[in-house]
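Reviewing the structure listed below.
The values are calculated or read from the model by the stated rules, or taken from the named source; none is laboratory data. Only a predicted model underlies this, so the values are computations on that prediction, with no experimental measurement involved. Cβ: placed from backbone, ideal geometry, glycine included. Neighbour counts: every protein chain shown.
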Amino acid sequence: MAVKKFANVSSTIVSQTGSSFPLEVFGSVFQRASTNFTTETQSTGTYLALAIGSVRNGAKYRAILSGVYGDCSGGFLEYSINGSNYVQAAGGIQSIAFGTGTFRTYVIVYSGSISGMSSSQSTVSWRLRWTGQLRSTYQSLYVFIDNTQ
């Protein structure tokens with residue numbers, strides 16, 4: 001017999017400690033150098049800072065970094081479970097460098113797992129850090145976190 005209706009279905013996960021988490025969470029942020037995209041950013045530092053709550057320990061993430069870049073070096077996509085100690089996101093370029101001289105659009109996909117969170121932690125902070133050179137007119141970050149893993 002085919003199922004026609006589900007009753008008492010929840011869209012959250014309940015852990016052994018009683019904490020409740022949504023099945024998936026999402027966050028995004030973008031930065032552009034100017035409204036007409038003609039001015040380029042040339043300073044290194046931290047960009048695309050993003051905090052995503054309701055994350056469960058062991059959750060899987062997929063982060064999509066895109067941007068219009070010229071000559072760039074020393075770019076690192078990182079995340080932190082405590083807001084101060086950052087680690088590099090897995091699965092993508094570990095030290096971003098584009099030496100084309102011409103501005104082009106790039107997309108990099110990262111994929112990994114969040115681990116080491118205590119039962120009292122549920123927020124993951126993300127950032128794009130440039131340590132070498134940055135020439136960009138636009139940068140964006142989209143992070144999808146799957147709590148069902």
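Taken as a whole, the structure places residue 55 among residues that are at pLDDT 75 or above, surrounded by 13 or more Cβ atoms within 10 Å (Cβ to Cβ), outside any strand (DSSP E or B) and among the hydrophobic types (A, V, I, L, M, F, W, C). Of the residues making up the range 24-37, one or more are within 25 Å of residue 149 (Cβ to Cβ), of a type in the set (D, E, K, R) and surrounded by fewer than 17 Cβ atoms within 10 Å (Cβ to Cβ). The residue that is surrounded by the most Cβ atoms within 10 Å (Cβ to Cβ), among those in the range 90-115 that are outside any strand (DSSP E or B) and in contact (Cβ under 8 Å) with a residue 40 or more places away in the chain, is 114.
Take the residues of the range 116-129 that are in contact with a Gly (Cβ under 7 Å, 6 or more places away or on another chain) and modelled with pLDDT of 95 or more: which is surrounded by the most Cβ atoms within 10 Å (Cβ to Cβ)?
Across the range 116-129, the extreme among qualifying residues is 128.
For the range 55-75, the set of residues classified as more than 22 Å from residue 146 (Cα to Cα) and aromatic (Phe, Trp, Tyr) consists of 69 only. Check every one of the strands (runs of 3 or more DSSP E) wholly within the range 2-49 and list those with 3 or more residues that are modelled with pLDDT of 70 or more. Hits in the range 2-49: 20-22, 24-32.
Scanning the range 58-89 for residues that are in a strand (DSSP E or B) and free of Cβ contacts under 8 Å to residues at least 24 places away in the same chain, we see that the one that is surrounded by the fewest Cβ atoms within 10 Å (Cβ to Cβ) is 87.
Sub-8 Å Cβ pairs linking a first residue in the range 121-139 that is over 17 Å from residue 107 (Cβ atoms) to a second residue that is part of a strand (DSSP E or B) and charged (D, E, K, R), at least 6 apart or interchain, are 127/78; 129/78; 133/71; 135/71, ordered by first then second residue.
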